[in-house]
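The values are calculated or read from the model by the stated rules, or taken from the named source; none is laboratory data. All values reported here derive from a predicted model rather than from experimental measurement. Virtual Cβ from ideal backbone geometry, glycine too; neighbours counted across all protein chains shown. Protein only, heavy atoms only, side chains kept; ligands, DNA and RNA dropped before computing areas. Shrake-Rupley method; radii C 1.70, N 1.55, O 1.52, S 1.80 Å.
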Amino acid sequence: MPLQRARVSLFPHPFTADPRLHKRHERTPRPAYPETAAQQERDLGLAINALRRRRPDLSAAEPLWAWQKAALIFALPILATVAVLAPHRAAFIVATALALPFFCIVLLRTAALWKTLATRAHRAHRSARTTSPISLPRYSVLVPLHDEADIVEDLLAALNDLDYPTDRLEIFLALEETDQATRKAVEAAILPSHMTAVIVPKGMPQTKPRALNYVLPRTTGDLVVIYDAEDLPEPDQLRNAVAALTADPDLGCVQARLNVLNADETWLTRQFAIEYTVLFDCMLPTLQALQLPVPLGGTSNHFTRSALEDVGAWDPFNVTEDADLGIRLARNGWSVGVVPSTTWEEAPANFTSWLKQRTRWLKGWMQTYLVHMRNPLRTLRDLGWRQFSGLQVLMGGMILSALVHPWLYVAIAADVAYGPLDILGDDTLSRIVKIVTVANLVLGYVSGVALGIVAMRGRGRQQLAAWALLMPAYWLLISFAAYRALFQLARSPYRWEKTQHRPRAAFAPLQPSRKTH
C-alpha cells in the first residue's frame with residue numbers, strides 16, 4: 001500500500017457538515033494579506049526553496065545525483081566498448097532492454113482502446129450532481145501570466161463565464177514583475193471584486209511553478225485550480241470538479257480534459273489535436289481505472305488544498321511541474337481522477353512554437369523521471385509494485401521511445417539498402433527478440449493510429465480522424481524535440497521556452513463542439 005497518513009477526508013456534502021466551513025463561506029470580507037516587503041521576500045524565498053528544503057530528494061534543483069552521474073559516465077563507455085568488441089552481444093542487450101517497455105506501451109494503448117470503446121457502448125448519461133449554494137466550497141483559481149498582454153481580454157471573459165458563486169470564488173492573476181506589457185493590460189481592465197492581480201517579484205528560476213508557489217499562501221480556497229492564460233474552460237467545470245472530489249475521499253486532484261480550438265489550422269495543429277484527444281479522453285481515464293500514476297496536464301488541475309499542501313505544492317525547478325506533481329500525489333497515497341469537462345486551448349500552429357513547447361515538456365518529463373528514480377527503493381515503497389511499474393512505462397518508456405524511434409527507421413533503411421545485417425545473431429533467443437521487436441513496432445503503430453481514429457470520432461471530429469494515419473511522421477518530430485530536450489537538460493535545465501499565444505478571434509472564428517467525449 002502507498003504511504004498511509006492521517007488526512008482530512010472529503011466526503012459527500014462535507015461542506016455542509018463542517019460548521020467551520022459554514023463560517024468561511026459567509027459573506028464576510030477576507031482579511032487582507034500582509035503585502036509588506038518583508039513578507040514578499042519571505043514568500044519568494046519559500047516559493048523557490050520550500051520543497052528543496054523539505055524534501056531535497058523530490059526537488060529538481062539538482063538535476064542529477066552523484067550516483068546517477070556516475071552511472072552515465074561509466075555505462076556509456078562500457079556499452080561502447082562492448083559494441084566494438086562484441087557487437088552481437090551489445091545489440092542483444094539493447095534490444096532486450098527495449099522490448100519489454102515498448103511492449104508495455106502497446107498493452108497500455110490497447111487497454112485504452114478497449115476501455116474507450118467499452119465506455120461508449122455502455123455510456124449512461126447522468127445529470128450532474130446539484131449542490132445548494134451553502135454546500136459549495138470556497139474555490140481558488142490561480143492563473144499565471146507571462147508575456148500575455150494580447151490575450152488578457154479573452155482570459156477575463158473566460159473567467160467571468162465560470163458558473164460558480166462569486167462569494168465562494170477567488171481568482172488570482174499572477175503577473176511577473178518584469179512583464180510590464182501584461183501588467184498594463186490587466187491594469188487597464190476593470191477586475192471584478194473576486195479577482196486580484198498579484199505581482200510576483202523577479203527571481204530565478206523564472207518559471208510558472210515559482211509564480212504559483214508565490215501566490216498560493218494568499219489563497220483561502222478549500223479547492224485550488226490552475227488555468228493557463230489562453231484557456232477556455234467549460235463554464236460548469238468547477239461544479240463538476242466539486243462533485244468528483246466530494247464523491248471520493250482518496251482523490252487529491254481531478255484533471256479536466258484538454259483539447260484544442262484551432263485543430264483545423266495546420267497539419268501540426270491536427271496532429272496536436274489527435275494527440276491531446278488521445279491523452280486526455282482515452283489514456284488518462286485508463287490510467288485512473290488501472291490505478292496507475294496520472295501525470296497531470298499543465299492546466300485545469302483541481303486540487304484539494306489538503307492534498308496540495310501535503311505534497312509540498314509545485315517544484316519551481318521542474319519545467320513540467322504538472323507531471324511531477326501527479327507522481328508526488330501518487331507517492332503520498334492520493335489518487336488522481338479525470339472529470340468529463342473540457343478546457344479548450346490554442347495548439348501551436350507553426351513548427352518553431354511547437355518545438356519550443358515540446359522540448360520543454362520532454363525536458364520536464366526527463367527531470368521528473370530522474371528525480372523519482374534517485375532512490376528507486378523508496379519510490380517503490382511509496383508507490384507499490386503496480387504504480388512503480390506504471391512509472392517505468394509512463395515516464396521511462398515514453399522518453400525512451402521518443403529517443404529510440406528514429407533509429408528504428410535507420411535500421412530499417414540499412415536493412416533495405418545493404419540486406420539483412422543480422423546484428424543480433426541467429427540463435428533461437430536472438431530470433432525471439434527480433435520477432436518481439438518487429439511486433440512492437442507494428443503493433444505500436446497500429447494501436448496508436450487506431451486510438452487516434454477512435455478518439456477523434458468520439459469528439460465528433462470525424463474529418464480529422466484520417467489524419468491519425470500520419471501520426472508516425474509526427475512521432476519523428478517528437479523524437480527531434482526529445483534530443484533537443486536532452487541537450488537542454490545538460491546545458492540549461494531550468495530554461496523555460498515561452499509558448500506565444502494569440503487573441504482567440506485570430507484563429508478560432510467558430511466555437512468548438514461542446515461534446516466532451
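Quick notes
- The relative contact order of the chain, computed from alpha carbon pairs under 8 Å that lie at least 6 residues apart in sequence, is 22 percent.
- With all protein chains kept in place, the per residue accessible area of the chain amounts to 45 square angstrom at a probe of 1.4 angstrom.
- Ranked order, Asp281, Asp264, Asp228 - accessible area, probe 1.4 Å, largest first: Asp264, Asp228, Asp281
- Most tightly packed first, judged by the mean number of other beta-carbon atoms within 10 Å of their residues, the peptides 469-476, 497-504 read 497-504, 469-476.
- Computed over the range 169-285: relative contact order in percent, which uses C-alpha pairs under 8 Å that are six or more apart: 18
- Counting only alpha carbon atoms, the long axis of helix 321-331 and the longest principal axis of the chain meet at about 90°.
- Average silhouette area of the range 162-295, convex hull of alpha-carbon atoms, in square nanometres: 10.6
- Solvent exposure ordering (accessible area, 1.4 Å, most first) of Tyr227, Tyr409: Tyr409, Tyr227
- Principal-axis analysis of the Cα atoms of the chain puts helix 66-85 at an angle of about 20° to the longest axis.
- Rounded to the nearest 5, the antiparallel percentage of DSSP beta bridges internal to the chain is 25%.
- For the chain, the number of Lys pairs with C-alpha atoms closer than 26 Å, counting only pairs eight or more positions apart or on separate chains, is 13.
- Unit Cα scatterers, Debye sum, the range 385-503: log10 I(q)/I(0) for q = 0.13, 0.14, 0.17 Å⁻¹: -0.79, -0.90, -1.17
- Per atom type, the range 175-229 shows carbon and sulfur on 57% of its accessible surface, probed at 1.4 Å.
- For the chain, adding -39500 (n - 2.57) for each run of n ≥ 4 DSSP H residues and dividing by the number of residues yields -17000 deg cm²/dmol at 222 nm.
- Its residue count N sets the reference 2.2 N^0.38 Å, and the alpha-carbon radius of gyration of the range 136-232 equals 1.01 times that reference.
- Mean Cα-pair separation over length for the range 235-325, i.e. relative contact order, pairs under 8 Å, 6 or more apart, %: 30
- Note on the chain: Cα-only Rg and Dmax are 23.6, 79 Å.
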